[in-house]
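Trainee: Sharing a structure, written as structure tokens. Questions coming.
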């Protein structure tokens with residue numbers, strides 16, 4: 001029997017609980033201006049999961065759209081929990097809600113919007129990697 005791992009995440013106040021089944025399809029940092037505005041941060045940690053692997057088990061989420069990405073947040077404390085990838089059956093889960101050690105990013109995306117250079121060993125895509133429909137061009141800090 002092959003058991004699927006289940007990870008539970010919670011909003012900051014604990015009112016919302018979400019089960020994530022299996023492993024993330026991809027994990028990365030997003031530097032887009034949409035994420036910067038919504039999260040009040042220079043970049044955001046994202047864990048991408050198939051939509052059918054994400055299940056809200058407790059609490060109420062409310063939806064908001066800043067530009068194009070529908071995002072779900074806790075109705076009580078406002079914690080951003082995940083966003084729906086438009087046109088794809090994927091959810092971008094806010095990876096800072098994952099248990100310690102579960103976030104293992106592979107690259108950075110939308111670095112053309114970066115507030116400041118981030119120097120690490122990961123690839124830094126100007127927009128998107130080829131697997132995400134981008135041209136794969138990199139920025140050189």
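Trainee: Which residue, 40, 87, 14, tops the fluctuation ranking in a GNM of the chain built on C-alpha contacts under 10 Å?
Mentor: Of 40, 87, 14, the Gaussian network model singles out 87 as fluctuating most.
Trainee: Going by Cα centres, the stretch 1-35 and the stretch 107-141 are how many Å apart?
Mentor: 22 Å
Trainee: Restricting to DSSP H runs of at least four residues, report the calculated mean residue ellipticity at 222 nm for the chain, -39500 (n - 2.57) per run over all residues, nearest 500 deg cm²/dmol.
Mentor: It comes out at -1000 deg cm²/dmol, rounded to the nearest 500.
Trainee: Next question, about the same structure. Could you list 16, 38, 6 so that the one with the fewest beta carbons within 10 Å of its beta carbon is first and the one with the most is last?
Mentor: So the ranking, lowest neighbour count to highest, is 6, 38, 16.
Trainee: Based on other C-beta atoms within 10 Å, arrange 118, 93 from fewest to most.
Mentor: The fewest-first ordering by Cβ neighbours comes to 118, 93.
Trainee: So, one more: Under a GNM of the chain (C-alpha, springs under 10 Å), which listed residue has the highest mean-square fluctuation: 66, 43, 113?
Mentor: Residue with maximal mean-square fluctuation among 66, 43, 113: 66.
Trainee: In what order do 19, 60 fall by count of nearby beta-carbon atoms within 10 Å, going from fewest to most?
Mentor: Least to most surrounded, the residues fall as 60, 19.
Read-outs throughout are calculated quantities, based only on the coordinates presented, and are distinct from any laboratory measurement. Keep in mind that this is a model prediction, so the values were computed, not measured. A quick note on method: Cβ atoms are made from the backbone with ideal geometry, for glycine too, and the neighbour counts reach across all protein chains shown.
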